[in-house]
Amino acid sequence: MTLIGLALAFVLVGSRRVPRLIRRRMARPDIDVLVVARLLALSLASGRPLGRALADVRQRLHKHEMPVIDDVLIRANRDGLTRALVETTGPLAPLAERLAKAQVTGAPVGPALDAFIATLHDARRFQAVEEARTIGVKLIVPLTLLLLPGFLALVVAPYVLQQLEELVGAVVP
């Protein structure tokens, strides 16, 4: 009985969870903007100019993430760094927008980048807290399906066996 409950819980939870994980991975951008921003902040903190810092970040990324930075660097060589940052689209657009504003206004890039990193970090933390708050609700059905057969076997089964024994008059194994 417990095995049936366990199998049923696995099927119910697994059938819902797998498509959600697939959708979540497909919706995830190709490049982790927070990682790029942190790498860029480290490179800028070492005293490198923004263009060279972007080139350094490109070298630290995975091969499938490099084309995103390559596009910015190619346009920066052709049109200038500020214009390349303004025209950046895709997952790096918010980061490029902050960097471009700092470049245009002459403000230091480091504090703008630190504020962007803090904003992204807070958003991810908020999302993780929200997901953690819903875990109790998501676990009610599997826990019920797993605990109910054990409860029936330990509490109700002895009573049923006793009543059956009195009814039949024989010992039921």
Completion exercise
Treating every alpha carbon of the range 93-160 as one equal point scatterer without solvent, the Debye formula yields log10 I(q)/I(0) values at q = 0.16, 0.28, 0.29 Å⁻¹ of -0.72, -1.09, -1.11
Practice task
Within 10 Å, count the other beta carbons around each residue, average over each peptide in 60-70, 152-162, and list them highest first.
Solution key: 60-70, 152-162
Exercise for the section: State the extension gain, in nm to one decimal, for the chain segment bounded by Glu97 and Ala115, taking 0.36 nm per residue of separation less the distance between their alpha-carbons. Expected result: 5.2 nm
Exercise for the section: Would you order Ile74, Ile31 from fewest to most other beta-carbon atoms within 10 Å of each residue's own beta-carbon? Expected result: Ile74, Ile31
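Fully extended, how many nm does the chain gain between Val168 and His62 (0.36 nm per residue separation, minus their Cα-Cα distance)?
On the way: separation 106, 0.36 × 106 = 38.16 nm, distance 7.30 nm.
The span from Val168 to His62 would gain 30.9 nm if fully extended.
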Practice task
Could you go through the range 61-77 in sequence order and give the Karplus-derived ³J(HN,Hα) for each residue, using 6.51 cos²θ - 1.76 cosθ + 1.60 with θ = phi - 60°, rounded to whole Hz, and x for Gly and Pro?
Solution key: 8, 6, 4, 6, 9, 4, x, 5, 6, 4, 4, 5, 5, 5, 5, 5, 5
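Using only the Cα atoms, what convex hull volume per residue in Å³ does the range 33-132 have? Provide the component values of the computation, followed by the final result.
Values: hull volume 10.2 nm³, N = 100.
Cα convex hull per residue, to the nearest whole number: 102 Å³.
Quick note: the coordinates plus some simple rules give every number you see, no bench work behind them. Remember, predicted model here, so these are calculated numbers, not experimental data. Backbone-built Cβ (ideal geometry, glycine too); neighbour counts: all protein chains shown.
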